[in-house]
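Notes for the one structure printed next.
Please treat every number below as a calculation from the coordinates, not as lab data. All figures in this text were calculated on a predicted structure; none of them were measured in a lab. In this analysis, Cβ positions are derived from the backbone assuming ideal geometry, glycine residues included, and neighbour counts consider all displayed protein chains.
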Amino acid sequence: MSKKTKGAKKGFWERAKESAAQSQALAEREKTEKQKKTAPTSELKPTKPVEKTPEERKKLYKAGIIKTVVPAIIGTLAGFISFSSMGDATEYPWLSIMLFVIIFSYYAQRIVYPIIGFDMKEFGNKDWFYVEFMTVIFWLVVWTLLLNQPL
């Protein structure tokens with residue numbers, strides 16, 4: 001048996017291990033250099049979420065209540081109006097009725113919110129989707145309950 005000498009060629013696995021180790025060391029070195037360049041070490045700490053004052057929390061709570069009560073009232077009124085004017089509405093396509101309720105409630109809420117002193121600038125797409133969804137749900141529930149009265 002012959003012993004390996006210093007000048008002997010390395011096998012495939014030895015070369016692959018060395019190459020992987022070098023690539024990993026180079027990647028770690030580049031990563032630490034990039035972190036040093038982009039931000040000082042004091043900025044790497046996570047920041048705390050901004051705490052809201054009690055006044056801000058109270059204002060958001062009131063806004064949430066208003067965003068729930070107004071669509072509930074409008075949806076309930078739409079349910080009573082649908083029942084009193086159309087009954088079971090078998091002669092109308094239900095999608096057109098729902099579209100009418102959505103359009104009516106949208107414009108009604110655009111009028112009602114400023115009257116009650118609610119800031120419309122804070123309304124985003126998500127808020128409009130929420131209030132319209134609440135309106136349609138209340139309309140459907142009230143109308144369904146009225147249609148299913150015992151005779």
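Here are the numbers for this structure:
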| quantity | calculated |
| --- | --- |
| Global form of segment 100-151, assessed from the alpha-carbon gyration tensor, a/c cut-off 1.5 | prolate |
| Most fluctuating residue given options S96, S23, S105, as computed from a GNM of the chain linking Cα atoms under 10 Å | S23 |
| Within the chain, helix-based [θ] at 222 nm, where runs of 4 or more DSSP H residues each add -39,500 (n - 2.57), nearest 500 | -25000 deg cm²/dmol |
| Kyte-Doolittle mean at least 1.0 and Cα axial length at least 30 Å: DSSP H helices in the chain | 94-115, 125-147 |
| Cα gyration tensor, the chain - rounded (a/c under 1.5), prolate or oblate | prolate |
| Nitroxide proxy distance, nm - points 7 Å out along Cα→Cβ at I66 and E14 | 7.9 |
| R0 of 30 Å, Cβ-Cβ distance M120-S85: FRET efficiency to nearest 0.05 | 0.50 |
| Distance violations [Cα-Cα > 30 Å] among K52/K126; K36/K126; K58/K126; K59/K126; K9/K31 | K36/K126; K9/K31 |
| 18 Å Cα-Cα reach of K121 towards aspartates and glutamates, excluding residues that sit fewer than 8 places from it in its own chain | E56, E132 |
